[in-house]
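One structure is given here, and the rest of the page talks about it.
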Amino acid sequence: GAGVSQSPSNKVTEKGKDVELRCDPISGHTALYWYRQRLGQGLEFLIYFQGNSAPDKSGLPSDRFSAERTGESVSTLTIQRTQQEDSAVYLCASSLGQGLQETQYFGPGTRLLVL
Amino acid sequence: DQQVKQNSPSLSVQEGRISILNCDYTNSMFDYFLWYKKYPAEGPTFLISISSIKDKNEDGRFTVFLNKSAKHLSLHIVPSQPGDSAVYFCAASDRRSTLGRLYFGRGTQLTVWP
């Protein structure tokens, strides 16, 4: 079946502009995660959605970052007034969300470059 | 503050030999550990995991060892193959308090040469 998909695959924007990144999780996966990976760094947790529960936003680096999820499907990560330090690969992952020992399946990522 | 550390940014191994990738962590509350493999321009793919109640988990050529007292885990690949060349990320979670959230190391680039 289809894996996690993300769009766009690449995004170049100017400092100060807003960007929207999209994630389509695996069908039936109730849990969805956003991470980012800056150059030379590990993956950094941003936000976690689980079903209809309130999302865990504890990883969002500033109030310029926000994310939404429509039911148990598509999620959008929005970065307002982008800064150069926002340049990174933004990765989305999903899992079944039914237990503690669950594999997170990652999408290919969106490479964001802020000029 | 990096709670999961991979201190070797790169490792080069000859085909057929053993690859050993190391990972250290600082948070004693971590109870689940995973290894992911990443090829360029792709997302990480799950490789193998281990719960803190075990000290070893094996899956084919891949074995993960966990030493809780040392807060150390390692991934052994035997025998190594050129297709194993990728970046390997160690990840950990504290499932009781931060369900699902993974903490990642910076990765180790493994190169397996013929």
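The values are calculated or read from the model by the stated rules, or taken from the named source; none is laboratory data. Since this is a predicted model, take the numbers as computed values, not measurements. Cβ atoms come from the backbone with ideal geometry, glycine included; neighbour counts cover every protein chain shown. SASA here: full protein model, heavy atoms, side chains in, ligands and nucleic acids out. Shrake-Rupley method; radii C 1.70, N 1.55, O 1.52, S 1.80 Å.
Checking B:Pro79 against (1) of a type outside the set (Lys, Arg); (2) touching a residue at least 12 places away in the same chain (Cβ under 8 Å); (3) part of a strand (DSSP E or B), only one condition comes out false. Which one?
Against the list (1) of a type outside the set (Lys, Arg); (2) touching a residue at least 12 places away in the same chain (Cβ under 8 Å); (3) part of a strand (DSSP E or B), B:Pro79 comes up short only on (3).
I need the full set of residues from the stretch B:10-37 which are at pLDDT 95 or above, more than 11 Å from the chain's Cα centre (by Cα) and either open to solvent by 40 Å² or more (accessible area, probe 1.4 Å) or closer than 24 Å to A:Ala93 by Cα (or both), in order please.
Selection gives B:Ser10, B:Leu11, B:Ser12, B:Gln14, B:Glu15, B:Gly16, B:Arg17, B:Ile18, B:Tyr25, B:Thr26.
Which of the residues spanning the stretch A:63-100 are β-branched (Val, Ile, Thr) and without any contact (Cβ under 8 Å) to a residue 24 or more places away in the chain? Full working, then the answer.
Filtering the stretch A:63-100 for residues β-branched (Val, Ile, Thr) gives A:70, A:74, A:76, A:78-79, A:82, A:89.
Selection gives A:Thr70 alone.
Can you tell me which residue in the stretch B:48-65 is most open to solvent (accessible area, probe 1.4 Å), limited to those that are farther than 16 Å from B:Arg95 by Cα and within 12 Å of another protein chain (Cβ to nearest Cβ)?
At the first step, the residues of the stretch B:48-65 found to be farther than 16 Å from B:Arg95 by Cα are B:48, B:55-65.
Still in the list and also within 12 Å of another protein chain (Cβ to nearest Cβ): B:48, B:57.
Values: B:Ile48: 5, B:Asn57: 47 Å².
Out of the qualifying residues, it is B:Asn57.
Could you go through the stretch B:60-76 and let me know if any residue there is of a type in the set (Val, Ile, Thr) and closer than 22 Å to B:Ser8 by Cα.
As a first pass, look at the stretch B:60-76 and keep what is of a type in the set (Val, Ile, Thr): B:63-64.
With the extra rule that they be closer than 22 Å to B:Ser8 by Cα, the set shrinks to B:63-64.
The answer is yes; a qualifying residue exists.
Out of the residues in the stretch A:21-42 that are charged (D, E, K, R) and surrounded by 14 or more Cβ atoms within 10 Å (Cβ to Cβ), state the one that is nearest to B:Pro9 (Cα to Cα).
The first filter runs over the stretch A:21-42 and keeps only residues charged (D, E, K, R), leaving A:22, A:24, A:36, A:38.
Applying the additional criterion that residues be surrounded by 14 or more Cβ atoms within 10 Å (Cβ to Cβ) yields A:22, A:24, A:36.
Details: A:Arg22: 31, A:Asp24: 32, A:Arg36: 19 Å.
Here the answer is A:Arg36.
With the checklist (1) polar (S, T, N, Q); (2) in a strand (DSSP E or B); (3) at pLDDT below 95 in hand, flag the one item B:Asn7 doesn't pass.
Every listed condition holds for B:Asn7 apart from (2).
Is at least one residue of the stretch A:51-62 touching a residue at least 12 places away in the same chain (Cβ under 8 Å), surrounded by 20 or more Cβ atoms within 10 Å (Cβ to Cβ) and not basic (Lys, Arg)?
No, there is no match, as no residue in the stretch A:51-62 is touching a residue at least 12 places away in the same chain (Cβ under 8 Å), surrounded by 20 or more Cβ atoms within 10 Å (Cβ to Cβ) and not basic (Lys, Arg).
Could you tell me which of the residues B:Tyr103, B:Tyr88 is under 21 Å from A:Ser94 (Cα atoms), away from chain A (no Cβ under 11 Å) and in contact (Cβ under 8 Å) with a residue 12 or more places away in the chain?
Details: B:Tyr103 fails: away from chain A (no Cβ under 11 Å).
One residue alone meets the criteria, B:Tyr88.
Of all strands (runs of 3 or more DSSP E) completely enclosed by the stretch A:35-115, which ones contain at least 2 residues that are within 14 Å of chain B (Cβ to nearest Cβ) and polar (S, T, N, Q)? Walk me through how you get there before you give the answer.
Values: elements: A:43-50, A:65-69, A:75-79, A:88-95, A:110-114.
It comes to A:88-95.
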